[in-house]
1. With respect to the numbered conditions (1) under 18 Å from residue A:103 (Cα atoms); (2) assigned to a strand (DSSP E or B), which one is the sole condition not fulfilled by residue B:11?
2. Only one of these conditions is not met by residue A:110: (1) assigned to a loop (DSSP other than H, G, I, E, B); (2) in contact with a strand residue (DSSP E or B) (Cβ under 6 Å, 6 or more places away or on another chain); (3) over 26 Å from residue B:94 (Cβ atoms); (4) not small (Gly, Ala, Ser). Which number is it?
3. Considering each residue of region A:22-61, count those that are touching a strand residue (DSSP E or B) at 6+ places or on another chain (Cβ under 6 Å), part of a loop (DSSP other than H, G, I, E, B) and β-branched (Val, Ile, Thr), and give that number.
4. Residue by residue through region B:18-60, note down the ones that are in contact with a His (Cβ under 7 Å, 6 or more places away or on another chain) and touching a residue at least 60 places away in the same chain (Cβ under 8 Å).
5. Scan region B:14-26 for residues that are crowded, with 16+ Cβ neighbours inside 10 Å and assigned to a loop (DSSP other than H, G, I, E, B) and jot them down.
6. Is it true that some residue in region A:36-44 is within 14 Å of the chain's Cα centre (by Cα), within 26 Å of residue B:101 (Cα to Cα) and at pLDDT below 95?
7. Looking at region A:69-113, which of its residues are more than 13 Å from chain B (Cβ to nearest Cβ), closer than 17 Å to residue A:50 by Cβ and surrounded by 21 or more Cβ atoms within 10 Å (Cβ to Cβ)?
8. So, in region B:92-109, exactly how many residues are outside any loop (DSSP other than H, G, I, E, B), within 11 Å of another protein chain (Cβ to nearest Cβ) and at pLDDT 95 or above?
Amino acid sequence: GAVVSQHPSWVICKSGTSVKIECRSLDFQATTMFWYRQFPKQSLMLMATSNEGSKATYEQGVEKDKFLINHASLTLSTLTVTSAHPEDSSFYICSERRQETQYFGPGTRLLVL
Amino acid sequence: DAKTTQPPSMDCAEGRAANLPCNHSTISGNEYVYWYRQIHSQGPQYIIHGLKNNETNEMASLIITEDRKSSTLILPHATLRDTAVYYCIVASQGGKLIFGQGTELSVKP
């Protein structure tokens, strides 16, 4: 069964608004989670590593002030897309590190109008 | 992390074995080979991983060459539901998973 959940599964918002996506570990205390983004017909791109109780580590080229990550508990990481624009429309996927392996959530599809 | 090379697409007949190759000639001694698949509009699904030895689970088998420079994922009896993009990723234990373009496997009736 699923070990990682995401909420919402899809969201439509107006340009300029902020959107929060939640990633929950269902039966594991995940000290490390990851956030990916995937555009149509492309592969997953790692955005950032979310560390419980500390600041996230962002990949090169990802704006940390635009994509706010909070990992306040061992079972919840959130990604907030601030002042969203149409080019932020994408499929956002989180994952948790569990021993040697990562397990992925079902993804959140964001459409910015 | 080492990069991998996979064919962009493959076809397989339903019920037959699907053999998906992956080259990772620059793999380091402490790096694992991971396989994931992504069915359209879903998050990636973990399949299997290995370090040196061949591995088998309920989903697939992973064959790693002795020099570890390549591997093959085997789906023993492919079904239509196995149609997906398959990603071969090399990473250290607990390291970041960097996705390439993967192999788009089409299982045909």
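The values are calculated or read from the model by the stated rules, or taken from the named source; none is laboratory data. Everything numeric in this text was worked out from a predicted model, so none of it was measured. Because the Cβ atoms are built from the backbone with ideal geometry, glycine has one as well, and the counts that use them run over all protein chains shown.
1. That leaves (1) as the condition not met.
2. If we test residue A:110 against (1) assigned to a loop (DSSP other than H, G, I, E, B); (2) in contact with a strand residue (DSSP E or B) (Cβ under 6 Å, 6 or more places away or on another chain); (3) over 26 Å from residue B:94 (Cβ atoms); (4) not small (Gly, Ala, Ser), just (1) comes out false.
3. 0
4. B:32, B:34
5. Scanning region B:14-26 gives a single hit, B:24.
6. Within region A:36-44, not a single residue is within 14 Å of the chain's Cα centre (by Cα), within 26 Å of residue B:101 (Cα to Cα) and at pLDDT below 95.
7. Those that are more than 13 Å from chain B (Cβ to nearest Cβ), closer than 17 Å to residue A:50 by Cβ and surrounded by 21 or more Cβ atoms within 10 Å (Cβ to Cβ): A:69, A:71, A:77, A:79, A:81.
8. Count: 1.
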